[in-house]
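Here the structure comes first, spelled out in structure tokens, and everything after it is commentary.
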Amino acid sequence: MSGDLVVLDGTVRARTPEWTWALLEPLLPRYGITRVARLTGLDTLGLPVFTAIRPAAHTLSATQGKGATDTLAKISAVMEGIELWHAEQPRTVHTRASARELRLVYPLTALPLRVPCDGRALDEVQLEWTHGTGLTSGHTVEVPLGVLRRQAQPSPWEPDLFRVTSTGLACGNTRAEALLHAMYEVVERDALFADEMAHGTYRTLVDPATVDDLYCLHLLGQLRAAGVSVELAVVDNSFTLPVCLAYLWSPDYPATFAGAGCHLHPGIALARAIAEAAQSRLTCIVGTRDDLPSHNDLFDSDPPHLDGASDRPCAPWNLWPARRELPADLADQAAYVARRITHVTGHEPVALDLSEPAGPVAAVKVICPGTRSRRRRAVPR
């Protein structure tokens, strides 16, 4: 432990897993979670994956989580459910006005819109607003409630302008931990959007044999033992933060599953990508997630021949220039990432505090004007 950091395999947290679970477990009924189940044994990979079930959810009723241990995976699944619970709660409307009347510090066109709109016309639309906090200035920033409302909470008083996603929605043991998780997700999805628009030219394939992070080596060894082929890549991005991709395929479940991860520490970013790909595979095996359609053609494609069998050369893992010691604490890390986002987009990230007073976790929604995210769930190779 260093400062407020608890360094674990594949992650960094503000509390030990045992402490976090002791705080969360008695409050599961409060968040509508009726069951937490271990899914790991339904696949052959052995990477811990859990699910948390919220039968009365207004969004997803089943959320998945992964981690280096059963406790971490259980916490991950529960935290996903809890963050959605917070997003489903009604928000206070602080004012109703147009962006022009508020003299908004960012253009509304920099937010995720359902359809392209003329900025001048958009500035005249009367909207409901709530208060957020700028993560570099600390100033109060107005945010339209439409970027937070889920489909179960439409407003009868304004047009449905904004595309509402879970991007930037996060829970953590502390506010800094939640902010970091949210901003990493924003950066990861913006990087993948830019890479897809560039037809994959921002990614560099990595030779799995050159990976030297101890936990990633453990994960790759488990996958090899299970007969799984792996493809790894890093994705260059304007934030100069480590963003990694992992693809898995095996003959016993002949479909390609992808995972992505972002973190200041490249090894943690890669571990997140590998674990997410394994979780995606198990999620499809279990088949209980609300938003995953059934695809009859899932197994119709030929094997992708991973493990470096590509017409593009593989680079060594140490190509990433951002290897660095982590800042002293999570608050310093969050401040650094917020500055990187502000530098790239020209707009500071804005945090909406969704936390309950005296609740066991911090819940936030981070809005980053100028960033983008993909509409498709699958990450193409």
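Worth a mention:
- Using heavy atoms of the protein chains and a probe of 1.4 Å, the accessible area assigned to F193 is about 50 Å².
- Taking only the C-alpha atoms of the stretch 1-79, the Rg (one decimal) and the largest Cα-Cα distance, Dmax (whole number), read 13.3, 40 Å.
- Computed FRET value (nearest 0.05) for R339 with D236, which takes r as the C-beta separation and R₀ as 22 Å: 0.70
- For the set Y31, Y202, solvent exposure ranked by accessible area (probe 1.4 Å, protein chains only) runs largest to smallest as Y202, Y31.
- Take every Cα pair under 8 Å whose residues are at least 6 apart in sequence, average their separation, divide by the length of the stretch 18-57, and the relative contact order is 38 percent.
- Placed amide H near T136: partners under 5 Å, 5+ positions off or other chain: none
- Normalised convex hull volume, the chain, alpha-carbon set, Å³ per residue: 141 Å³
- Distance in nm between pseudo-label sites at D207 and Q222 (7 Å out along the Cβ direction from Cα): 2.6 nm
- In nm, spacing of pseudo-spin labels at R100 and D160 (7 Å Cα→C-beta vector): 2.7 nm
- For the chain, the dipole from Cβ point charges (+1 on Lys and Arg, -1 on Asp and Glu) about the Cα centre works out to 500 debye, to the nearest 20.
- Highest mobility in the GNM of the chain, judged by mean-square fluctuation with C-alpha springs under 10 Å and restricted to S238, S355, S137, is found for S137.
- Taking GluC sites (Glu not before Pro) in DSSP loop states with no more than 11 other Cβ atoms inside 10 Å as exposed sites, the chain has its longest site-free stretch at 125-324.
- Listed residues L169, Q89, T256: farthest to the positive end of the dipole of the chain (Cβ charges): Q89
- Note: relative contact order over the stretch 148-282, using C-alpha pairs below 8 Å and six or more positions apart, is 17 percent.
- Taking amide H positions as modeled 1.01 Å from N, with prolines and chain starts lacking one, the residues under 5 Å from V243 and 5 or more places away or on another chain are V235.
- Here the Karplus relation 6.51 cos²θ - 1.76 cosθ + 1.60, evaluated at θ = phi - 60°, turns the backbone of the stretch 238-251 into coupling constants of 5, 7, 6, 10, x, 10, 10, 10, 9, 10, 10, 8, 8, x Hz, with x for every Gly and Pro.
- The value of relative contact order for the chain, using C-alpha pairs under 8 Å at least six residues apart, is 19 percent.
- V286 sits with roughly 40 Å² accessible to a 1.4 Å probe, with DNA, RNA and ligands left out of the calculation.
- Options T51, H139, A77, ranked by Cα towards positive dipole end of the chain, top entry (Cβ charges): H139
- Placed amide H near A255: partners under 5 Å, 5+ positions off or other chain: S250
- Rolling a 1.4 Å probe over the protein chains gives D236 an accessible area of about 80 Å².
- Taking N as its residue count, the alpha carbon Rg of the stretch 1-145 over 2.2 N^0.38 Å: 1.39
- DSSP H segments from the chain that extend 15 Å or more along their own axis, Cα-based, with Kyte-Doolittle mean of -1.0 or above: 70-88, 175-197, 214-225, 266-286, 330-345
The values are calculated or read from the model by the stated rules, or taken from the named source; none is laboratory data. No experiment lies behind these values; they were computed from the predicted model shown. Here Cβ is always computed from backbone atoms with ideal geometry, including for glycine, and neighbour counts include all displayed protein chains. In case anyone asks, the SASA skips ligands and DNA or RNA and just uses the protein heavy atoms, side chains included. Shrake-Rupley method; radii C 1.70, N 1.55, O 1.52, S 1.80 Å.
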